[in-house]
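Let me begin by presenting the structure, written as structure tokens, before commenting on it.
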């Protein structure tokens, strides 16, 4: 039975644990500084399994040693985004948390694949990689799957584009520098930019970019967790199942798309070894420009975080 450890027993971490437990038979550890909360949630989730037919087992606590022997580690721990805050406002607060967790992974689960969810995703994924010393292809950020899900949602809601007819993807950074692909994406074989009028497509892109903030604005004291959990679960199942599924993930680049030395949202083929291949899509000039603009922003922020 594969073991998955999830750091952070907040809404995202707990919902991810529940989703994974329903989707596969796994040994799941839920770790949080509030050990009682993690233990209680683990018991609650496992007590929900008998009627589902799942044989998944759950444990929880505040001991980072629970990560020992994990095949996959998911990091959701960190300070949440509140109204008026950008994801980047969280950098200074979340970096120390990521470093502590990454050190534990290196010591107790050096063969694991790591999915980082903590914001700002690309920068925190870079820090997790540097601190853990793992092969960079075994450290991955979750953002593009969520952004793409939101992109498809708004295309359906605002432009009446049916998901079954849609092949779409959002790359780049999670936030203002996201890079939607209106020219590469297809609706029934036609470029999305030819099917949806420009002004409406601009609205879809803007709503997608601000999708998380919109939810934070409504919730006041929290942020989205159902859509992030399913997005994490989609990546996790592709990795554990060694499916080779191509998904938009924050991956370490070694010259792909002319970008080097950072983590950025690109199409990655996922398997037991992490990102087994970065796929270079035939993008339009403006899509390439958006991707490079996102890379420039991430590079600057990583340099700032490292004191360079």
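The values are calculated or read from the model by the stated rules, or taken from the named source; none is laboratory data. No experiment lies behind these values; they were computed from the predicted model shown. All Cβ positions, even for glycine, are placed from backbone atoms using ideal geometry, and neighbour counts span all protein chains on display.
Scanning region 43-54 for any residue that is modelled with pLDDT of 95 or more and within 19 Å of the chain's Cα centre (by Cα) turns up nothing.
Part of a helix (DSSP H, G or I) and outside the structural domain of residue 230 (by TED's automatic domain parsing), is that true of residue 45?
Against the criterion (part of a helix (DSSP H, G or I) and outside the structural domain of residue 230 (by TED's automatic domain parsing)), residue 45 qualifies.
Reported count of residues in region 252-303, each being closer than 27 Å to residue 95 by Cα, assigned to a loop (DSSP other than H, G, I, E, B) and in contact with a helix residue (DSSP H, G or I) (Cβ under 7 Å, 6 or more places away or on another chain), is 3.
Regarding residue 75, is this residue surrounded by 21 or more Cβ atoms within 10 Å (Cβ to Cβ) and either out of contact with any strand residue (DSSP E or B) (no Cβ under 7 Å at 6 or more places or on another chain) or modelled with pLDDT of 95 or more (or both)? Yes, satisfied. Residue 158 passes all but one of (1) in contact with a helix residue (DSSP H, G or I) (Cβ under 9 Å, 6 or more places away or on another chain); (2) touching a residue at least 40 places away in the same chain (Cβ under 8 Å); (3) under 30 Å from residue 103 (Cα atoms); which number fails? The single condition residue 158 does not satisfy is (3). So which residues in region 126-137 are farther than 10 Å from residue 102 by Cα and crowded, with 22+ Cβ neighbours inside 10 Å, if there are any at all? Result: 126, single match. Every residue in region 46-82 that is more than 18 Å from residue 26 (Cα to Cα) and free of Cβ contacts under 8 Å to residues at least 24 places away in the same chain, please. The one that is more than 18 Å from residue 26 (Cα to Cα) and free of Cβ contacts under 8 Å to residues at least 24 places away in the same chain: 79. The residues of region 28-58 that are within 18 Å of residue 8 (Cα to Cα) and surrounded by 18 or more Cβ atoms within 10 Å (Cβ to Cβ), listed by number, are 28, 29, 30, 31, 32, 38, 39, 41, 42, 45, 46, 58.
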